[in-house]
Structure formats: C-alpha cells, structure tokens
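The values are calculated or read from the model by the stated rules, or taken from the named source; none is laboratory data. If you're wondering where the values come from, they're calculated on a predicted model, not measured in any experiment. Quick reminder, even Gly has a Cβ in these numbers, built from the backbone with ideal geometry, and neighbours come from all protein chains shown. All accessible areas refer to the heavy atoms of the entire protein, side chains included, with ligands and DNA or RNA removed. Shrake-Rupley method; radii C 1.70, N 1.55, O 1.52, S 1.80 Å.
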Amino acid sequence: METADFLQTLDREGRLLAAAAEQAGTEAKVPTCPEWQVRDLLRHTGAVHRWATGIVADGHTTPRPFGDLPDLDGAELVTWYRDSHRRLVDTLAAAPRDLDCWTFHPAPSPSPLAFWTRRQAHETAVHRYDAESARGGTPSPIATEFAVDGIDELLRGFHARSRSRVRTDGPRVLRVRAATDADGGEGAVWTVRLSAEPPVTTPDEAGEADAELAGPADRLYLALWNRQPLPSVTGDAALAALWRETSAI
C-alpha cells in the first residue's frame, strides 16, 4: 500500500471511530477491551494522535513523552477526539516526503512519513473496531490488503522489538497464514521463530511449523490484535494460547 492509501484509511477510520463512540456514549463498556469504557478509548486514541502529530510536525528525532489525558467527557470528549484526529490527518498530509523524525519499530517502511501514516492507520482501525463493539451492530469492514499489511506490521514490527513477551524456553515455530480471497486461497504467509529471545518473523513458509494460525485476512488481523477468536488453529494449541496470553502491546 502507498502512503496516500494509508492516509485515506486513517481519515476514514477516525471518522468511523468518532461516530461509533458518539452513538455508544462515553459511559458504554468496550467488550473488546473489558477494562475500558468508551471515554478511555477516546482519551487513549486521541492522545496517541496528538503524540504522533507532535513528532511529525516538529521533526523530533528522539522519543517524546505522551501528554496528559484530557479531563473531558461526553460530547466534549468526542469533539476533542475529532480535533485530535483531524490535526493528525492534516499534519501527515502536509508533511514533506523527506521528513526526518523518530520511529519506534523495525517493520519495513520506505520513510518516517510512511511509517507514521501506516502506524496511525492501523492504530485507528483497531480502535475503531473497539468503538463499534461498544456501539453494537455490524462492524465496518477491513480491506484485505490493509489487513495483510497490518499482520505484517504486527509480526515484523511490534514483535521484533525487545519488549515483545512472546517467548518460549526452547526453539518453536509458528506459522501465520492469511487467506485473501473468498475461496480461502493462501494469500500471505509468515514464519515466526520463537525462542527465549524476541520473535524473528520472515514473510515465507520456510521449514516445518509446530502450530499454524490461519483464517481470512480481516479476521486474522483482528484475532492477532486479540479482538476476535483465532479463526483456525492447527498443531500445538499451546502456542496459540501463548500468543493470546503474551502478545498484548
């Protein structure tokens, strides 16, 4: 996907998130994040948007702390979120293509601008699903290509970092297989090598696997972010349980 595609997705997903939050009400429980109410979801996601906006707008080349969460609720909080989202979209749209700023995980990306646009698109899509789970009804669809990209970012970005807790005492291999057509075609495959060190993921089907997590790309994307049950698990179910228990970001 191109940076412009991620920006368009970010714009749409943030609007959907705000609409769902408004319909649900800020006091509503978030089933996909049981410890949260919608107010927590809005405060968190809006703060992330503002944090990313500052890094991009000011060209920070080192990490910067999150700002304070707003002491707002109800309609005022929804308005604050919409403003946070709009600032982020406008900042990314206006940023130079040769932007130099800090990024925080090693997933392949052609530039810092591409990194932040991609990262915020996935951040917002997952939390949009959270907001729609609080609202109830049929959730908005997730495009297949976007879901495949998000699985790749999660596996080769977040879980390539030293802080990943997905670890095993001895070498184990986990396969992740995303179907990308209605007939359940293979689509995209990753091999995740587990050990006492951070996982090492390659976009291939190399060697034997101890377990495989598989399913349609959109469902697998949400499952790997622990928003839905895993569509299919074959092999050692303990590795699937390990993922559910230790992969939270």
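Values for this structure:
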item: Cα-projected label distance for ASP73 with ALA4, points at 7 Å along beta-carbon direction, nm; result: 4.5 nm
item: Local net charge near PRO171, Cβ-Cβ under 12 Å (Lys/Arg +1, Asp/Glu -1); result: -1
item: For the chain, with +1 on Lys and Arg beta carbons and -1 on Asp and Glu, the positive-most of ALA93, LEU41, LEU239 along the dipole; result: LEU41
item: Cα-based helix-to-principal-axis angle, 112-135 vs the chain, degrees rounded to 10; result: 90 degrees
item: 0 to 90° range, to nearest 10: angle between helix 237-246 axis and the chain longest Cα axis; result: 30 degrees
item: Estimated [θ] at 222 nm from DSSP helical runs (n ≥ 4, -39500 (n - 2.57)) normalised by residues in the chain, nearest 500; result: -16000 deg cm²/dmol
item: Accessible area per residue in Å² at 1.4 Å probe, computed on the chain; result: 46 Å²
item: Shape of the stretch 43-174, Cα gyration tensor, a/c cut at 1.5; result: oblate
item: Contour minus Cα-Cα distance for ARG15 and ARG161 (0.36 nm per residue); result: 49.5 nm
item: Difference of contour (0.36 nm per residue) and Cα-Cα distance, GLU27 to ASP90; result: 19.8 nm
item: Of (1) 0.97; (2) 0.94; (3) 1.09, the label for Rg/Rh (Cα atoms, Kirkwood Rh) derived from the coordinates; result: (1)
item: Whole-percent carbon and sulfur share, accessible surface of the chain, 1.4 Å; result: 49 percent
